[in-house]
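Below is one structure, written out as structure tokens; comments come after it.
Each reported figure results from applying straightforward, stated rules to the coordinates on display, with no laboratory input. What you see is a predicted model, and the numbers here were worked out from it, not measured in a lab. Cβ: placed from backbone, ideal geometry, glycine included. Neighbour counts: every protein chain shown.
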Ligand code: ADP
Ligand code: MG
């Protein structure tokens, strides 16, 4: 590979909104056969809105929104921002939270008006033993045994809420559980939207002979619905942030040459581990620093452009 041709390639990339860290990156780009894509903020816009607030029997809807909104108001997560905004719009100014804790990839916890409030994945609510079996070590705070979370296999969610949650997830939405003082108080549903260019980008990646894989911490049903919308056949869901990198390592162990496309703090380790890391320019600084390529436009089609550019650049060199 002549340095000149590689420099021309990286220069051409810059014009297309594809920032390549060094000329040698183009070489690894050409070898890629598998493209792992983060869901939220990469395939989807990551701009979520609160669409449903479903109180448990005996819980007041306004109370559900106020307390959940107050805790989420302390978090930067897109789900949190959607819940805080939706709650404030419906109930007015949100109360203060103390003892706030962010449980990465799981949810949030905090004290509001004397109540210990949890918002997040169902596993967050499970008793410690059950949560450990499911791999959620460190994040679970558990509900009291008296409230059904006694490790006996009794469902954590009352049947009507479980059904509503499953229905929302089947529609590609993310449903989180709200609990306080040892009992489930309701379910909140947030909706994200697929970027208008994502389906075309997947078609292009497949056309280049690459296998796209969707990777997310979100629930399986929602992930599969989003995957179907854009044409991705392989889905790896419900992955905790610290396990995303292992998915990359495992694929590499199977002999795959892996590109990873992501935007979040959660994606940084996987982006660094991948044979080629591509960060969305709209993403976090941590993700951008961990990557070989930045897609300035935050448009997934740029990932296909980058592969095409590297193939073209290297074929003119040979
Ligand atoms: P992704 O892989 O899509 O970026 P995350 O790893 O950030 O997702 O989160 C995984 C799951 O953890 C979410 O789908 C949600 O169920 C739960 N979760 C994470 N953060 C929060 C939060 N602030 N509030 C409620 N639920 C959360
Ligand atoms: Mg993301």
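For the reader, a short list of remarks on this structure follows.
- Tilt relative to the chain, helix 61-72 - C-alpha long axis, 0 to 90 degrees, to 10: 50
- Taking packing as the residue-averaged number of other Cβ atoms within 10 angstrom, the listed peptides 13-23, 225-235 run from highest to lowest as 225-235, 13-23.
- Alpha-carbon centroids, region 88-127 and region 209-250: separation in whole Å: 27
- Rounded if a/c under 1.5, otherwise prolate or oblate - region 19-59, Cα gyration tensor axes: prolate
- Residues of region 279-300 with amide N under 14 Å of a point placed 7 Å along Cα→Cβ from residue 14: 294
- Helix 159-170 and the longest principal axis of the Cα set of the chain meet at an angle near 20°.
- Extended-chain gain in nm, criterion 0.36 nm per residue less alpha-carbon gap, residue 96 and residue 311: 72.0 nm
- Burial ordering of 29, 40, 249, fewest other beta-carbon atoms within 10 Å first: 249, 40, 29
- Between 0 and 90°, nearest 10: helix 3-15 axis offset from the chain longest Cα axis: 40
- Fraction of beta bridges assigned by DSSP in the chain that are antiparallel (%, nearest 5): 65
- Overall form of region 162-245 per C-alpha gyration tensor (a/c, 1.5; a/b vs b/c): prolate
- Highest to lowest packing among 104-117, 174-187, 85-98, scored as the average C-beta count within 10 Å: 174-187, 104-117, 85-98
- The packing ranking, built from the mean of other Cβ atoms within 10 Å per residue, places the peptides 251-257, 164-170, 292-298 in the order 292-298, 164-170, 251-257, highest first.
- Relative contact order (%) - the chain, alpha-carbon pairs under 8 angstrom, separation at least six: 24
- Distance between region 272-318 and region 1-64 - C-alpha centres, whole angstrom: 9
- The chain, helix-only ellipticity at 222 nm - DSSP H runs n ≥ 4, -39,500 (n - 2.57), divided by all residues, nearest 500: -11500 deg cm²/dmol
- Calculated diffusion of the chain, Stokes-Einstein form, Kirkwood radius summed over Cα pairs, 4 °C and 1.567 mPa s, µm²/s: 63
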